[in-house]
Amino acid sequence: MANSVSVNTTNKDLWGGGAEPFKASYGKLMMWFFLISDAFTFSAFLIAYGVIRFRHPGYEGTLSDFSFSQTYWPVPEKVFEAFPFFHGVELPLVFVGLMTFILILSSVTMVLAVEAGHRMDRQGVEKWMIWTIIGGLTFLGCQAWEWSHFIHGTDAGSRLLDGSIIYGANLQLNQYGPPDFAAFFFFITGFHGFHVFSGVALNFLIFYQATVGIFERRGHY
């Protein structure tokens, strides 16, 4: 009859290869794996965008004479010049800059929430998590508006070679430039939007756990 032996191991017993590298916890190590995989994913999207972008000719005229065409890649300042509640006012890349600022600000509030967690400051964690969630939801609202404006297009539209006029954009045609331009816009910003939405959902979960004292009972955040 085989004898069953139970062995109690400690963290030190799990590593037998000399000096333990990094001295990182399991959670921190997995977070770095996630960040690296995230960087690889976005890098693949942006590299693919760059390759396709430079396969198309660019606009060579002055910005004041620019008009949308299927024959060359559009100028971003002309595509993204709208701003909510300012119909007819041209504000090139201002709304894009605002969305970027919101993302950066929500990253700062997330760092402050983590710092408060290290100090076991429950109120601080709750406060900064709320601001992070608000920032994420605000960004998603901005992106929804940007998508709506991009899909519906401008009042003038764009005339195709066959004489027809197209308004807005879809995966097959768009008024702004070659079909690849809209396809990459939808895929890259869509993936990023899903990325932010997932983060907001997880932040809601973390905020709830903080409010009911789960992390305090564990002894760490």
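Every read-out reported here was derived from the displayed coordinates using simple, explicitly stated rules and does not represent laboratory data. Note that the structure is a prediction, hence the values are computed from the model and not measured. Virtual Cβ from ideal backbone geometry, glycine too; neighbours counted across all protein chains shown.
Worth a mention:
- Pairs, first without any contact (Cβ under 8 Å) to a residue 60 or more places away in the chain in the range 203-221, second of a type in the set (Phe, Trp, Tyr) and crowded, with 16+ Cβ neighbours inside 10 Å, C-beta under 7 Å, six or more apart: Gln209/Phe215
- Considering the range 155-178, and only residues there that are out of contact with any helix residue (DSSP H, G or I) (no Cβ under 7 Å at 6 or more places or on another chain) and in contact (Cβ under 8 Å) with a residue 24 or more places away in the chain, the residue that is surrounded by the fewest Cβ atoms within 10 Å (Cβ to Cβ) turns out to be Leu161.
- Looking at Phe191, Phe185, just one residue is part of a helix (DSSP H, G or I), out of contact with any Cys (no Cβ under 8 Å at 6 or more places or on another chain) and touching a residue at least 40 places away in the same chain (Cβ under 8 Å), and that residue is Phe191.
- Glu126 being part of a helix (DSSP H, G or I) and of a type in the set (Asp, Glu): yes
- Met110 vs. criteria under 19 Å from Thr211 (Cβ atoms), in a helix (DSSP H, G or I), touching a Phe, Trp or Tyr at 6+ places or on another chain (Cβ under 8 Å) and not charged (D, E, K, R): yes
- Some residue of the range 144-167 being farther than 18 Å from Tyr72 by Cβ, of a type outside the set (Gly, Ala, Ser), assigned to a loop (DSSP other than H, G, I, E, B) and in contact with a Gly (Cβ under 6 Å, 6 or more places away or on another chain): yes
- Scanning the range 194-221 for residues that are assigned to a loop (DSSP other than H, G, I, E, B) and surrounded by 11 or more Cβ atoms within 10 Å (Cβ to Cβ) turns up just one, Tyr221.
- When restricted to residues that are in a loop (DSSP other than H, G, I, E, B) and under 19 Å from Phe80 (Cβ atoms), the range 43-60 contains 2.
Conditions (1) surrounded by 10 or more Cβ atoms within 10 Å (Cβ to Cβ); (2) of a type in the set (A, V, I, L, M); (3) more than 25 Å from Ala156 (Cα to Cα), marked per residue:
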| position | (1), (2), (3) |
| --- | --- |
| Leu46 | yes, yes, yes |
| Ser64 | no, no, no |
| Lys78 | yes, no, no |
| Phe83 | yes, no, no |
| Val125 | yes, yes, yes |
